[in-house]
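Asks: Here it is, the structure in full.
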Amino acid sequence: MKKNNLGKIAGLFLIYSLLIFSCKKVLNPEVIQVPTAGNAIQTAADVDKAVAAAYSFLRTVLPDKVFLLGDVRANTFESYNQSSNTRPETLIATNTITPLLNNGGGDWSGFYRVIAQCNLVLEKIPTIQNYDQAAKRRSLGEASFLRGLTYFYLTRFWGDVPMNLSSVDIDNIPRMPQAQVYDQIKKDLDVASANLLPAYSAGDKAVRATKGAAWAIKAHVLAWLQDYSGSEKLCDSVINNGQYSLITDTTQLLKIFIGKSQEGIFELNFDASLKEVQKNKVYNRTLGRPWYTDQSDGGGGTELYLLCPPPALLTQMFPAGEVDGRKSTWLTNSPKNNSPARPYLGKYRTLQVQGDTTSQNINESNIIITRLADIMLLRAEALASTQVNRPADAITWLNKVRARAKARLYTSGGNLQDTILLERRKELLGEGQIFFDYVRTRKLAAYSKITQADWYTKGAWLLPINQTLISQSGFVITQNSFWQ
């Protein structure tokens, strides 16, 4: 990954921010941080450091959470062997409370650390003297974007969540209805798009928020809220703003995950030279030797302990005899693979062996939050909806993604919406999108192990809340009803 300005200042401010913040009650005493001194942020340089810390907090919490709860929970990955050497994460797909809680599904604390940091930045920006207006607008836009994105993850995971927009000391607050949280998410993303430029420096490409990134996330928000007309318009804005294009050479698709590619819209940057590495379990769980040789999982990084797409899913996505450039790019076998019938996720095999190899803090593949192919397929989904009802245009955007993969173009047959959903599963495999796709399209029971007929209304798709968080709030925070 190329360097960006954030990496130069994030590390120092992480220490600085943790020293000047104290903890408070409501969302987790170890997470919500509020200033204990009036001089926490006094200059424009301090704001830059604070924004960098917010990105760093997001980079810490998001990759593992989204992979486990956005991919594994959707039954898109399971243990290499289902009878022996079975990884405990496999049980997440069964939607039972113990594996969810044991794998972080009940803990929202990391997300609120990002929000607390953004609240502080947004509160302090108006107090800064002699602030260059362009820099001020960028910081305002980035902090608003990160807060809106973070609340979007929170509501999609837990539904009603506490919402705090202040960095001041607060009493315990209850969970707020999702509709009100979504109103704030949209406001934050509107502030972001109004203040951010379409592009900044090449070093910041995709790894810092831009106008296009704000549009893309809001397009997802509106689709989630079933406002497909509004979502389609925002997808159109992203696609036509001149900043993004598909990588058309299928031999070069892994550049997407190296990072800062021409189709990257927003992603989490990792660069060993900027100390942005961490022990990333996404890679540990999906890559065997020779790419990842971590010993901590008991398997020494061998394929016996990997999470892989189930065989039936592989057949569904990539039927025998059909050409699709993603099959050999997204999936791979290492020389030590014990069963060629079980290829595993290879999107991140561009990982560089840098950093502290003893602790396996070596990852330098970027984690993609959204990219152009995602937005093209989201647009196709919106166009195919009954609300917009432009199926011919939906097919056009579906086929743009299929054509890039050299796959057979779709003409007719089957259900168009299901075809688009399958295409998203193929294209975005391992990028933490599919569980959200299933909930958004109300098809979770058809494609996952959450099979209750009333799964949506009963809240089976929501995560449980850790009992520790509930008790620490003085029981102001309540458990999701499905898990009571």
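The values are calculated or read from the model by the stated rules, or taken from the named source; none is laboratory data. Since we're looking at a predicted model, the values are computed, not measured. Cβ placement follows ideal geometry from the backbone for every residue including glycine, while neighbour counts extend to all protein chains displayed.
Asks: Evaluate segment 383-395: report whether one residue or more is of a type in the set (S, T, Y), touching an Asp or Glu at 6+ places or on another chain (Cβ under 9 Å) and either farther than 14 Å from R424 by Cα or touching a residue at least 40 places away in the same chain (Cβ under 8 Å) (or both). Reasoning before the result, please.
Replies: First pass over segment 383-395, keeping only residues of a type in the set (S, T, Y): 385-386.
So of that shortlist, the ones also touching an Asp or Glu at 6+ places or on another chain (Cβ under 9 Å) come out as 385.
Filter once more, so that each one left must be either farther than 14 Å from R424 by Cα or touching a residue at least 40 places away in the same chain (Cβ under 8 Å) (or both): 385.
Yes, because at least one residue in segment 383-395 is of a type in the set (S, T, Y), touching an Asp or Glu at 6+ places or on another chain (Cβ under 9 Å) and either farther than 14 Å from R424 by Cα or touching a residue at least 40 places away in the same chain (Cβ under 8 Å) (or both).
Asks: Can you name the condition, by its number, that E89 falls short on among (1) of a type in the set (D, E); (2) within 21 Å of I477 (Cβ to Cβ); (3) surrounded by 18 or more Cβ atoms within 10 Å (Cβ to Cβ)?
Replies: All conditions pass for E89, except number (2).
Asks: Can you spot a residue in segment 170-192 that is surrounded by 15 or more Cβ atoms within 10 Å (Cβ to Cβ), small (G, A, S) and assigned to a loop (DSSP other than H, G, I, E, B)?
Replies: no
Asks: Here is a list: L246, L197. Which entry is part of a loop (DSSP other than H, G, I, E, B), closer than 19 Å to E427 by Cα and either over 18 Å from the mean Cα position of the chain (by Cα) or among the β-branched types (V, I, T) (or both)? Even if it seems obvious, please write down each step before you answer.
Replies: Details: L197 fails: closer than 19 Å to E427 by Cα.
None of the other options fit; the residue is L246.
Asks: Out of all the residues in segment 326-338, is one or more closer than 22 Å to E267 by Cβ, at pLDDT below 90 and of a type in the set (G, A, S)?
Replies: Checked against the condition, which is being closer than 22 Å to E267 by Cβ, at pLDDT below 90 and of a type in the set (G, A, S), segment 326-338 yields no hits at all.
Asks: Among the candidates A453, A460, which residue alone is part of a loop (DSSP other than H, G, I, E, B), small (G, A, S), farther than 30 Å from T251 by Cα and without any contact (Cβ under 8 Å) to a residue 24 or more places away in the chain? Quick ask: steps written out before the conclusion?
Replies: On the way: A460 fails: without any contact (Cβ under 8 Å) to a residue 24 or more places away in the chain.
Unique residue meeting the criteria: A453.
Asks: Further question on the same structure: Yes or no: segment 263-273 includes at least one residue that is in a loop (DSSP other than H, G, I, E, B), at pLDDT below 65 and touching an Asp or Glu at 6+ places or on another chain (Cβ under 9 Å). Please lay out each step first, then the result.
Replies: Start the filter on segment 263-273 by keeping residues that are in a loop (DSSP other than H, G, I, E, B), which leaves 263, 269-271.
If we keep only those that are at pLDDT below 65 too, we end up with none.
Checked against the condition, which is being in a loop (DSSP other than H, G, I, E, B), at pLDDT below 65 and touching an Asp or Glu at 6+ places or on another chain (Cβ under 9 Å), segment 263-273 yields no hits at all.
Asks: Given the conditions (1) modelled with pLDDT of 95 or more; (2) surrounded by fewer than 21 Cβ atoms within 10 Å (Cβ to Cβ), which single one is not true for K255?
Replies: Among (1) modelled with pLDDT of 95 or more; (2) surrounded by fewer than 21 Cβ atoms within 10 Å (Cβ to Cβ), K255 violates only (1).
Asks: On to the next question. Exactly one of (1) at pLDDT 95 or above; (2) surrounded by fewer than 21 Cβ atoms within 10 Å (Cβ to Cβ) is unmet by G432. Its number?
Replies: (2)
Asks: What do you reckon, is F152 touching a residue at least 12 places away in the same chain (Cβ under 8 Å), out of contact with any Ser or Thr (no Cβ under 9 Å at 6 or more places or on another chain) and either surrounded by fewer than 23 Cβ atoms within 10 Å (Cβ to Cβ) or on the phi < 0 side of the Ramachandran plot (or both)?
Replies: Working: touching a residue at least 12 places away in the same chain (Cβ under 8 Å): yes; out of contact with any Ser or Thr (no Cβ under 9 Å at 6 or more places or on another chain): yes; either surrounded by fewer than 23 Cβ atoms within 10 Å (Cβ to Cβ) or on the phi < 0 side of the Ramachandran plot (or both): yes.
Yes, satisfied.
Asks: Within segment 215-243, which residues are surrounded by fewer than 24 Cβ atoms within 10 Å (Cβ to Cβ) and farther than 17 Å from R440 by Cα?
Replies: Result: K233, D236, S237, I239, N240, N241, G242, Q243.
A quick yes/no check of all residues on (1) among the aromatic types (F, W, Y); (2) free of Cβ contacts under 8 Å to residues at least 60 places away in the same chain; (3) closer than 25 Å to G288 by Cα:
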| site | (1), (2), (3) |
| --- | --- |
| T90 | no, no, yes |
| T96 | no, yes, no |
| P99 | no, yes, yes |
| G106 | no, no, no |
| R113 | no, no, no |
| Q117 | no, no, no |
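Asks: Go through the residues of segment 182-196 one by one and say whether even a single one is in contact (Cβ under 8 Å) with a residue 40 or more places away in the chain and farther than 22 Å from V47 by Cα.
Replies: Yes, the conditions are met somewhere in segment 182-196.
Asks: Further question on the same structure: Using beta carbons and a limit of 7 Å, which pairs, at least six apart or on different chains, have the first residue in segment 410-426 and more than 13 Å from R326 (Cα to Cα) and the second one in a loop (DSSP other than H, G, I, E, B) and not β-branched (V, I, T)?
Replies: T419/Y410; L421/K443
Asks: Also, I was wondering about something else. Sort through S144, S166 and tell me the only one that's outside any helix (DSSP H, G or I) and either surrounded by 24 or more Cβ atoms within 10 Å (Cβ to Cβ) or not aliphatic (A, V, I, L, M) (or both). Explain how you work it out, then say what you get.
Replies: Numbers: S144 fails: outside any helix (DSSP H, G or I).
Going through S144, S166 in turn, just one is outside any helix (DSSP H, G or I) and either surrounded by 24 or more Cβ atoms within 10 Å (Cβ to Cβ) or not aliphatic (A, V, I, L, M) (or both): S166.
Asks: Also, quick follow-up: Filter segment 422-458 down to the residues that are of a type in the set (D, E) and farther than 16 Å from V66 by Cα and list them by number.
Replies: Listed by number, the residues that qualify are E423, E427, D454.
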